[in-house]
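> Provided herewith is a single structure, encoded as structure tokens, for subsequent inquiry.
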Amino acid sequence: MMQHSIKTRDGESRKEIFDPVRRIWVAMTPEEEVRQKFILFLLDVKKFPLSHISVEHSISVNGTVRRYDIVVFDSELKPYILVECKAPEVPLTQEVLDQACSYNSVLNAPVVCITNGTDVRIFAAGSKTSSH
């Protein structure tokens, strides 16, 4: 199976990173770098098919349009894992978990994950206890 790697380039006004899911170059912010490294982990380590990963898709949460970071779908194409990514300097607080859970109130994925690239916390939906 193909190993994926981080691809970066100097754009006209910014450094950019390639998103293999959306197949586009995007601004390389600290949060985007975390998101792209996590996508590569999902593809290369966890072996999820590229076609089962969605990135930055709009959803309606309590009447407000929001964008989740990553959703991994199961073999029946139902949401399986919701991933909320933050920049490395952002601590994984209850507020971050609450944000992910608000998205998951619409998606109903059985697994919710929050990460800042350094720390990863995984929760069973509806659970307040993390596992590592």
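Values quoted throughout were computed directly from the atomic coordinates according to the rules given, and no laboratory measurement underlies them. Since we're looking at a predicted model, the values are computed, not measured. Cβ: placed from backbone, ideal geometry, glycine included. Neighbour counts: every protein chain shown.
> Given the criterion among the hydrophobic types (A, V, I, L, M, F, W, C) and closer than 25 Å to A125 by Cα, identify the matching residue among V26, V90.
When all the criteria are applied, what remains is V90.
This table checks each residue for (1) surrounded by 13 or more Cβ atoms within 10 Å (Cβ to Cβ); (2) closer than 21 Å to L97 by Cβ; (3) not acidic (D, E).
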| position | (1), (2), (3) |
| --- | --- |
| H4 | yes, no, yes |
| V21 | yes, no, yes |
| Q36 | yes, no, yes |
| V45 | no, no, yes |
| I59 | yes, yes, yes |
| R67 | no, yes, yes |
| I70 | yes, yes, yes |
| Y80 | yes, yes, yes |
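> Oh, and also: Is there any pair with a first residue in segment 65-77 that is of a type in the set (D, E) and a second that is surrounded by 14 or more Cβ atoms within 10 Å (Cβ to Cβ) whose Cβ atoms are under 6 Å apart and which are 6 or more apart or on different chains, and what are they?
D69/R35; D69/V83; D69/E84; D69/C85; D74/Y80
> Output the residues belonging to segment 47-57 that are surrounded by 15 or more Cβ atoms within 10 Å (Cβ to Cβ) and not in a loop (DSSP other than H, G, I, E, B).
Within segment 47-57, H52, I53, S54, V55 meet the criteria.
> Assigned to a loop (DSSP other than H, G, I, E, B) and either over 29 Å from R9 (Cβ atoms) or touching a residue at least 60 places away in the same chain (Cβ under 8 Å) (or both), is that true of L92?
Here the answer is yes, as L92 does meet what is asked.
> On to the next question. If you check E16, E32, which single one turns out to be surrounded by 15 or more Cβ atoms within 10 Å (Cβ to Cβ), assigned to a helix (DSSP H, G or I) and touching a residue at least 12 places away in the same chain (Cβ under 8 Å)?
Checking each option against the conditions leaves just E32.
> Check whether at least one residue in segment 107-122 is in contact (Cβ under 8 Å) with a residue 24 or more places away in the chain, of a type in the set (D, E, K, R), surrounded by 15 or more Cβ atoms within 10 Å (Cβ to Cβ) and in contact with a Phe, Trp or Tyr (Cβ under 9 Å, 6 or more places away or on another chain), and report yes or no.
No, that holds for no residue.
For (1) in contact with a strand residue (DSSP E or B) (Cβ under 8 Å, 6 or more places away or on another chain); (2) assigned to a loop (DSSP other than H, G, I, E, B); (3) not aromatic (F, W, Y), each residue gets a yes or a no:
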residue	(1), (2), (3)
S60	yes, no, yes
L77	no, yes, yes
D98	no, no, yes
N104	yes, no, yes
F123	yes, no, no
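> Could you check how many residues of segment 43-64 are touching a residue at least 40 places away in the same chain (Cβ under 8 Å) and of a type in the set (S, T, N, Q)?
Final tally of qualifying residues: 2.
> Inside segment 91-100, can you point out the residues that are surrounded by fewer than 17 Cβ atoms within 10 Å (Cβ to Cβ) and either among the aliphatic types (A, V, I, L, M) or over 16 Å from D119 (Cβ atoms) (or both)?
The one that is surrounded by fewer than 17 Cβ atoms within 10 Å (Cβ to Cβ) and either among the aliphatic types (A, V, I, L, M) or over 16 Å from D119 (Cβ atoms) (or both): D98.
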